[in-house]
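Please treat every number below as a calculation from the coordinates, not as lab data. As the structure is a computational prediction, the values presented were derived from the model and not from experiment. Cβ sites come from the backbone with ideal geometry, for glycine too, and all protein chains shown count toward neighbours.
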Amino acid sequence: MKLDQKKLRNVLGRFATGVTIITGRDITGEPFGFTATSFNTVSLDPPLILFSVRKGARSCDILSGANAYTVNVLGLHHAPLSDMFGRNTGLKERAIKLTEMCGHSMRGVSDALAVLHCRPYAAHGAGDHVVFIGEIQEILTSEGCRPLIFYNGQYHTTVPFNDLLPAQQEKKVV
Ligand SMILES: Cc1cc2nc3c(=O)[nH]c(=O)nc-3n(C[C@H](O)[C@H](O)[C@H](O)COP(=O)(O)O)c2cc1C
């Protein structure tokens, strides 16, 4: 049975995720980057992560030949940057220039919550996407900002569960 594509997207969007921008350089040294919510952890030893990229996306071709790339885990303040790197608004080139001008190497957005420098470990075609598995080589972190969350087609952030409970109930939970 063929599933309705719009419904499928809506249902899958009920899974709340963090937001990343994957950055790197192509073989000519040109910087590239794209927004990805498909990021997830795979293994601690060796330290592996994964994300999936739509076949036909420019980034998919570049990543296939890359010998390194970086996963930037975004904070709430990065929402505009996420849109620039993730939507076909013609702003991506500007976002790349801006990111470079701000002193970021394009191998990493330095005020990201986490920056994971990876080398390619494996890549597997799966339907209309390619799943890239990277081995983490180096980790950088920043503190003090809320994470950017993507849920139901919109950006959100987190609130600690206990902050939502009335004081009486909180006592029972703790
Ligand atoms: C919040 C958000 C999450 C996204 N997650 C993914 C993803 O996990 N995989 C993917 O292939 N595209 C994802 N996209 C779309 C890509 O970022 C977008 O198609 C990108 O501009 C592709 O650029 P390229 O053709 O230059 O590679 C996402 C976009 C947004 C706004």
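Taking all Cα pairs closer than 8 Å and separated by 6 or more residues, the relative contact order of the chain comes to 26 percent. Taking every lysine pair in the chain that is 8 or more places apart or spans two chains, those with Cα atoms closer than 28 Å amount to 6. With Rh defined as the Kirkwood radius, the inverse of the mean 1/r over Cα pairs, the Rg/Rh of the stretch 1-88 is 1.00. From its DSSP helices (H runs of at least four residues, each -39,500 (n - 2.57)), the chain gives a residue-normalised ellipticity at 222 nm of -6500 deg cm²/dmol. When peptides 16-28, 58-70, 123-135 are sorted by average Cβ neighbour count within 10 Å, with the highest value leading, the order is 16-28, 58-70, 123-135.
Candidates 117, 157, 64 compared by Cα position along the dipole of the chain: farthest toward the positive end lies 157, with charges placed on Cβ.
Kindly point out which whole DSSP H helices in the chain project their C-alpha atoms 30 angstrom or further along the helix axis while averaging a Kyte-Doolittle hydropathy of 1.0 or above. TM-like helix candidates: nothing returned.
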